[in-house]
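Read the figures in this text as sums done on the coordinates, not as results from a lab. Just so it is clear, the structure is predicted and the values come from calculations on it, not from any experiment. No Cβ is skipped: glycine too gets one built from the backbone with ideal geometry, and neighbour counts run over all protein chains shown.
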Amino acid sequence: MSSSVHTVRETDATAAQGAPTTTVDRYTTGARINHWVTAICLVLLAISGLALFHPSLYFLTNLFGGGEITRIIHPWIGVVLFFSFAGLFLRFWKLNLWKAEDGTWMRRIRDVLTAHDENLPELGKYNAGQKIVFWGMAIFIIILICSGLIIWDRYFSSYFSLDTQRVALLIHSGIAILAILLWITHVYAAIWVRGTFRGMIRGNVTGGWAWRYHRKWLREEAAKPRDTTTSHYH
Amino acid sequence: MASPRAMDIVRVSATSTANADVQFKDEVVKLIDVSRCIGCKACQAACIEWNDRHEVVGTFDASYDNPTDLTPDMWTLMRFTEYENPSTGNLEWLIRKDGCMHCADPGCLKACPAPGAIVQYSNGIVDFVADNCIGCGYCVKGCPFNIPRISKTEGKAHKCTLCSDRVAVGQGPACAKACPTHAIVFGTTDEMLAHADGRITDLKSRGFDNAGLYNPPGVAGTHVMYVLHHADKPEIYAGLAKDPRISPLVQLWKGVTKYTGLAAIAGAVIVAFVHHVVNGPNRVTRSDEENARRLVDEENRT
Amino acid sequence: MTNSWTDIRNTDLVVVMGGNAAEAHPCGFKWVTEAKANRGAKLIVVDPRFTRTASVADFYAPIRPGTDIAFLFGVINHCIQNNKVQWDYVNSFTNAAYLVKEGYSYKDGLFSGYDESKRDYDRSSWEYEIGDDGYARKDTSLQNPRCVWNLLKEHVSVFTPDMVSRICGTPKDKFEKIAAMIAETSAPDKAMTSMYALGWTQHSKGSQNIRAMAMLQLILGNIGLRGGGMNALRGHSNIQGLTDIGLMSNLIPGYLVLPVDSEPDFNSYISKRAFKPLEPDQMSYWQNYKKFFVSFQKSMFGPAATADNDWAYQWLPKLDVGSYDMLRAFELMHQGKMNGYVCQGVNPLLSAPNRKKITEALSKLKFLVTIDPLDTETSRFWDNQGAFNDVDTKSIQTEVFQLPSTCFAEEDGSLVNSSRWLQWHFAGGDPPGDAKHDTWIMAQIFTRLRDMYQKDGGAVPDPVVKLHWPYKDPNDPLPDELAKELNGYVIESVKDPNDPSKLLLEAGKQVAGFGVLRDDGTTAAGCWIYSGCYTEDGNQMARRDNFDPDDAGFYPKWTFSWPANRRIMYNRASADINGKAWDSNRKVIEWNGSAWAGYDVPDIVPSAKPNVVGPFIMNQEGVGRLWVRNTMRDGPFPAHYEPFESPIANPVAPNIKGNPACRVFPEDLAAFADTASKEFPYVGTSYRLTEHFHFWTKHVWVNAMLQPEFFVEISEELGREKNIGNGSWVRVWSKRGSVQAKAYVTKRIKPITVDGKPVHIIGVPLHWGFTGQAKKGYGPNSLTPFVGDANSETPEFKAFLLNIEPISGPTV
């Protein structure tokens, strides 16, 4: 396995000094597509779901071409989400296994929230917060897909009793709210921690970003043998 | 039923502002006297003809219930129950015309997410407005009587309208018109309650001590009522709900969950915003970059 | 019906036995619910199945199919034993006191005069003793052992509650409860109505079933009263009209009879029908027979019927056998003796018994013409439909002409309902496709035949060539023209014999009623009992005035009720011998000192003094007959006979199989299951369901949807015994045929104990065939025996033997 660490002559502000900057590949193109498909699905699901959840948000159905189309496509998007997220899950589940340092990280959440990253332990590719989002989403999506199928009137509802459907409906909306809350956390964290989006957009992060937030991961990556053919200076 | 009826709308689905202060006026009731019903299904035929629906020819399925359940096209259904009365040892063949009960507090309307898809008129009729219906099936879950059915072809919910179109022009529902034994009668609430009283007295005189009116308070009363020989045991009439009420699950969903859910989402956004304002962005510093480069270089050297 | 549908709301007790009014007559049944709701009337249902009528009954009891006479005799016995007899009525208005000739006997199930080889009776010993004065002899003290009352008492005495229970399988306590409820209506101010239908007629003793109840009603004093009567619920909307108009092979319109070959001339025919009163001063209305007959002949043959040619008497066919009923017709076809069949408005492939025989018979025809609004199975009898019509099409050479006709809703005309009301209706739409009115079709056939006879001659051309055909368009007689002809009209003016300057009747005018019909050729009437339906005042059948004085239920201005717009027949009997109503709250007519007056048209002359003319004016004695003399083929009293296929030997006459006076063709006798057959241990019965009308409505998707598929009904006990689950497939077969169906395992049929052994009943509804919108299925006629009632030849569809077994699925 070759290292994903590269030294590049950056053209951006950081690189204006003329010194080459280190970048670290964080996500392959496939992973990024997978992520964004999932993300788009989740957003669409949240919007369409909320539109049918509260009358004051019903106007959002207009984004989909009306209430009926919203009702029709919501579950189908859910299916896409399920498989898309399953892809993410298979890619990342190992990296999201709980480690000793995650406990430490959690105990020092105050430092996390106040950006005292220097007080935090060295972390692998994901911190505990990200892992929680990962596992939370995984569980929520399974619950949502299951409860969603039960209330998918056109194909499946007739196989379930009305009370089962009612329970499913309640669970579906409750879990959907929790999933949205988790999603807000996820997105906000990405916004707050500058340089994060780049990982999901360009596929790499700066060495500094990796050093600051996921140093253990950086060390691991750096320790891998360089593949000179893919090392490149610009 | 000589004069046209006022049909002001008093409740509208998925409309937060309305519905607080419902005032019924000139309420109507369809009274179904189960003790006079002979199960001829003329009501079913009249219903499907008047409403211009088309149900497919099914198969025999171990009972006289045909179709075997309410469907998007068959809005009323005779349900037959062979009941052996333990107190007399006699067989009774209970035949109940199933269909929308037109609850004063309609669960379907409460559950419906589409504004204006379900309305309730001042006379008590609960009506589905197909143009606004999105076919989600929430009304099915909201209904304590399991009445609405979603058409797969149209993607719309359907149920008995109490012939609101006929009632609006001063006529009774088609099923009542067709009923040969006047087991289905239609009129103002007062008229129907008085009629029911007479019927219950007659039934009691024939030994049905528990004869009574089915007008369940759990849904604030209904605009379709039954006279039952055994009003103490409505469930023997093909599972007529003994104490129907909008499911607590639906109440929870359309009540607390709806409001707290949105509040939580809004709260999360606000917390994030405040956090950002207070703490500012979490940035990577130049020394972080240098540290990283050093680390990489060290690794390269080894 | 003696009474009308609307009158049923006046009753105190409804007995539905031999019928299923709520299912087969749901619209009429509303009057039962009215009586229950407004009068507190009670409803009793006696039926092998717990029907939808039973579901709204106050009391239900099961009965084994084909044992109604035993049940009713049990009730009569109960009334006699407990003195629940309306004595004033019985003494005044029945023949209880009449003496029967010496020589009459009843023993071991046979009346005197039986000839086993002919399966028929010499009925001469069933007559009254006639005194020297020519009148019947009576013993008003009812002491003479040969008076009708004592004969009856003796005749029914064996039918104790135990015997009834043994024969009918009705639990004794239930029978006793019903007998007691019925007996209560012997009070003069109580009335019971009997509502019956094919559950009584479709038996080998169908007419006697009805007789038994009629006798009971006379004993209880319930005939002629509001809320009383014998009320036949007719199966088709116009089946009353069918019999009225004489569409039986031995009748001509108005219940006149076709001559037989022992009546070679007019005199021999008419002299037999003098109907001399058997009581002094009694009105015997059939004395007018000749007037009605001659008026009919004038209507048929117009100017060609003259006094000189005995009113064209010889142009009528003379029957060489009792009747050419449907069973005989198919028997003759089967023997190859009848080669052509015009089948108009009937579907014998499903409605005649023993379908195998019907198919074979139709296959032997040279031609078959079907005239029907629907694509009937009969018109497609040659069409192989797999198991549903398993025929070898290639081997059938019958040429079939299928003529589409119109249905009632596409034509003007009248329907006669069970109440005897002639109700005019108007076309609601145009007929589809090539469909033509039946009248148009018949006119086309007739005019072509007439032209052929005129051109080519023939053996007996006159009845055709000289048929009176006065319609404006000979190719298309109009309903109004036909209705006016049935009502009758004046051919020649008749002067008042007392004042020749006045005209009694004016030529060209419609007659006002049958009272003015004459036997001298001056009047014509197609159906005398309909006279008054279309008068100079217009079409009385089209009247729609629901005027009903005192809400008495008569509606005298609604349409026209034959005879003479009378709503309750024998209404004289609603008042006591002095003319006072039995129940002052339910007056029909009363004697007001000078005339009979009230809500209805009296059936006796309005000025006839009470105590002189009896109410039953169609009988020579003017009273109701507990004893019917020689008017029925199978006995002056009914007798309990088992169905031809029975699970037990007749407990009261063990050596008699079936009704001994029934006509049975030899081949069919061989196709009956043995008594108490082990091969066919279960009792079958057929019936209609409310969702359908015969074999018509399976062509309508709404009805087809409401009851889509053929099934049979069995008890839970039989289901367990034979391992048949609810909704699973079974094969059901008789000695004549087999059907496949889903089983409806129900609590509504229970095994009954008959003669000490359990008997299971299998219910076989009709309505399914292989054309139309509903699922393909079978009719019960695949199973039923080829035998009819001794008097009417109505097939025995209600009691036969079957076997049943579970199958994995249908063969198609």
**Prompt:** In degrees, nearest 10, range 0 to 90: what is the angle between the Cα axis of helix A:29-53 and the longest Cα principal axis of chain A?
**Reply:** 30
**Request:** Sum -39500 (n - 2.57) across every DSSP H segment of at least 4 residues in chain C, then divide by the residue count to get the 222 nm mean residue ellipticity, nearest 500.
**Result:** -6000 deg cm²/dmol
**Message:** Spelling out what I want: for every residue of segment C:212-224, take phi, set θ = phi - 60°, compute 6.51 cos²θ - 1.76 cosθ + 1.60 (Karplus), and round to whole Hz; glycine and proline get x.
**Reply:** 4, 5, 4, 4, 4, 5, 5, 5, 7, x, 10, 9, x
**Request:** Take the protein assembly as shown, drop everything but the C-alpha atoms, weight them equally and run the Debye formula without solvent; then report log10 I(q)/I(0) at 0.05, 0.07 Å⁻¹ to two decimals.
**Result:** -0.51, -0.82
**Asked** Between segment C:481-515 and segment C:99-174, what is the C-alpha centre distance in whole Å?
**Response** 46
**Asked** What is the average number of partner chain Cβ atoms found within 10 Å of a Cβ in B:107-119?
**Response** 2
**Prompt:** Distance from the Cα centre of segment B:99-121 to that of segment C:216-278, in angstrom?
**Reply:** 61
**Request:** For chain A, find the longest principal axis of its Cα atoms and tell me its angle to the long axis of helix A:128-150, 0 to 90°, nearest 10.
**Result:** 20
**Helix-only mean residue ellipticity at 222 nm for chain B, each DSSP H run of n ≥ 4 adding -39500 (n - 2.57), per residue, nearest 500** = -8500 deg cm²/dmol
**Request:** Write out the trypsin sites (Lys or Arg not before Pro) in segment A:156-210 meeting two conditions: DSSP loop, and at most 14 other Cβ atoms within 10 Å of their Cβ.
**Result:** A:R194, A:R202
**Charged-residue dipole, Cβ positions (Lys, Arg, Asp, Glu), segment A:30-198 about Cα centre, Debye nearest 20** = 280
**Fill in**
Least to most buried among B:C108, A:C146, by other C-beta atoms within 10 Å and fewest first, runs A:C146, B:C108
**Message:** Charges at C-beta only: +1 for Lys and Arg, -1 for Asp and Glu. How large is the resulting dipole of chain C about its Cα centre, in Debye rounded to 20?
**Reply:** 1580
**Request:** Could you work out which residue, out of B:V274, B:V224, B:V167, moves most in a Gaussian network model of chain B, that is, has the largest mean-square fluctuation with Cα springs under 10 Å?
**Result:** B:V274
**Message:** Just to be sure I understand the curve: with the Debye formula and one point per C-alpha of chain C, what is log10 I(q)/I(0) at q = 0.06 Å⁻¹?
**Reply:** -0.38
**Nearest-ten-degree value, helix A:67-92 long axis tilted from longest Cα axis of chain A** = 40
**Asked** Remind me, relative contact order of segment A:30-198 in percent, using alpha carbon pairs under 8 angstrom and six or more residues apart?
**Response** 18
**Asked** So what is the relative contact order for chain C, in percent, with contacts set as C-alpha pairs under 8 Å and at least six apart?
**Response** 16
**Asked** In percent, how large is the relative contact order of chain B, given Cα pairs closer than 8 Å and 6 or more residues apart?
**Response** 23
**Rg/Rh (Cα only; Kirkwood hydrodynamic radius) as it applies to segment A:130-206** = 1.18
**Fill in**
Taking chymotrypsin sites (Phe, Trp or Tyr not before Pro) as exposed when in a DSSP loop with at most 14 other Cβ atoms inside 10 Å, chain C has its longest clean stretch at C:1-425
**Complete:** Loop-resident trypsin sites (Lys or Arg not before Pro) in segment C:289-394 with no more than 12 other Cβ atoms inside 10 Å, DSSP not H/G/I/E/B, are C:K337, C:K366
**Item:** Compactness index (Cα Rg / 2.2 N^0.38 Å), segment B:189-268
**Value:** 1.65
**Against the rule of thumb 2.2 N^0.38 Å, how large the Cα Rg of segment A:30-198 comes out** = 1.16
**Request:** Set Lys and Arg Cβ to +1 and Asp and Glu Cβ to -1, take the dipole of segment C:143-207 about its Cα centre, and tell me which of C:V158, C:M195, C:M181 lies farthest positive.
**Result:** C:V158
**Item:** Kyte-Doolittle mean at least 1.0 and Cα axial length at least 15 Å: DSSP H helices in chain B
**Value:** B:258-279
**Message:** Less than 14 Å Cβ to Cβ from C:P785, Lys/Arg counted +1 and Asp/Glu -1: what total charge do the surrounding residues give?
**Reply:** 0
**Prompt:** So for the protein assembly as shown, taking the charge dipole from beta-carbon charges (+1 Lys/Arg, -1 Asp/Glu), which of B:I118, C:P474, C:C533 sits furthest toward the positive end?
**Reply:** B:I118
**Item:** Three-way shape call for segment B:109-151 based on the alpha-carbon gyration tensor, with the a/c threshold at 1.5
**Value:** oblate
**Fill in**
Here Rg/Rh (Cα, Kirkwood) for segment C:584-634 equals 1.09
**Request:** Report, in whole Å, the centroid distance computed from the Cα atoms of segment A:137-213 and segment B:123-149.
**Result:** 30
**Asked** Among C:H334, C:Y114, C:N659, which residue has its Cα positioned farthest towards the positive end of the charge dipole of chain C, with +1 placed on the Cβ of Lys and Arg, -1 on the Cβ of Asp and Glu, and the dipole taken about the Cα centre?
**Response** C:N659
**Request:** Would you mind checking which residues have amide H under 5 Å from C:D120's amide H? H placed 1.01 Å from N; only 5 or more apart, or other chain.
**Result:** C:D115
**Averaged over A:149-156, number of beta-carbon atoms from partner chains that fall within 10 Å** = 3
**Prompt:** Based on Cβ point charges of +1 for Lys and Arg and -1 for Asp and Glu, what charge dipole magnitude is obtained for segment B:158-289 about its Cα centre, in debye rounded to the nearest 20?
**Reply:** 260
